[in-house]
Amino acid sequence: METLKAMKTRKSTRSYTGSLSEADLQAVLIAGEAAPIGMGKYEEMHMTVIRDQELMNEINASAAAFFKNPEMVPLYGAPCLILISTKIENPAMGNVPFSDAAVMAENMTLMATDIGIGSCLIWGAIAGLNSNPALVEKLGLPEGHTPCCGVVVGDTTESFVERDIPEDRITVSYIG
Ligand SMILES: Cc1cc2nc3c(=O)[nH]c(=O)nc-3n(C[C@H](O)[C@H](O)[C@H](O)COP(=O)(O)O)c2cc1C
């Protein structure tokens with residue numbers, strides 16, 4: 001299995017050429033579909049494929065206003081944002097739906113790496129999006145859905161190199 005190689009090679013790509021083939025998009029989407037979801041509630045998750053650059057510019061602008069940073073372009077000129085949304089019905093159990101979305105997103109970045117296209121996990125711009133209900137409304141999400149996070153994907157001129165991961169980058173403690 002080449003899983004560890006894909007994990008070490010994956011990186012956040014923040015420059016894009018603007019293109020993305022339909023085959024590559026579908027490969028990334030099936031990786032999202034393959035994710036585990038809490039209690040198997042697949043019907044409660046939704047992916048919105050956004051390729052409309054005007055709409056992506058509005059999401060960029062909304063995030064720039066939210067973060068009070070007019071310079072920021074948090075979708076990095078990528079040709080596609082895959083937005084993941086779900087219902088957050090019980091905030092006390094919000095860790096489950098947000099984690100569902102995160103697991104889907106990471107599956108998709110690993111697949112993007114495997115097929116040699118760029119990807120980046122997007123949370124900041126989604127916080128900005130959520131601060132703008134009128135913009136969320138434009139997305140036509142399923143009833144009651146909240147945008148959780150997203151992944152931008154697309155072709156890039158950046159290269160992908162397997163990286164060494166320091167074993168102590170994240171602390172680990174052992175009990176027993
Ligand atoms: C929960 C989460 C949210 C993130 N949100 C963003 C984001 O909004 N914008 C961005 O450019 N990168 C975002 N990232 C990417 C991280 O900054 C990046 O994964 C980390 O710095 C390690 O770099 P690497 O992905 O190149 O290995 C996010 C990553 C995670 C796990």
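Here are the numbers:
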{"read-out": "Entirely in the stretch 1-85, the helices (runs of 4 or more DSSP H) that have 2 or more residues that are more than 16 Å from the chain's Cα centre (by Cα) and over 25 Å from residue 159 (Cα atoms)", "value": "53-66"}
{"read-out": "Residue match in the stretch 57-73 (condition: under 22 Å from residue 31 (Cα atoms) and surrounded by 14 or more Cβ atoms within 10 Å (Cβ to Cβ))", "value": "no"}
{"read-out": "Filter pass, residue 121 being part of a loop (DSSP other than H, G, I, E, B) and under 14 Å from residue 13 (Cβ atoms)", "value": "no"}
{"read-out": "Check on residue 141, surrounded by 14 or more Cβ atoms within 10 Å (Cβ to Cβ), away from the ligand (no atom under 16 Å from the Cβ) and under 17 Å from the mean Cα position of the chain (by Cα)", "value": "yes"}
{"read-out": "Lone unmet requirement of (1) within 16 Å of the ligand (Cβ to nearest atom); (2) surrounded by fewer than 16 Cβ atoms within 10 Å (Cβ to Cβ); (3) touching a residue at least 60 places away in the same chain (Cβ under 8 Å) for residue 4", "value": "(3)"}
{"read-out": "Positions within the stretch 98-123 being touching a helix residue (DSSP H, G or I) at 6+ places or on another chain (Cβ under 6 Å), surrounded by fewer than 24 Cβ atoms within 10 Å (Cβ to Cβ) and not aliphatic (A, V, I, L, M), in sequence order", "value": "100, 107, 113, 114"}
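Laboratory data are not the source of any read-out in this text; all were calculated from the coordinates shown. Note that the coordinates shown come from a computational prediction; the quantities given were computed from them, not determined experimentally. All Cβ positions, glycine included, derive from the backbone under ideal geometry; neighbour counts span all protein chains shown.
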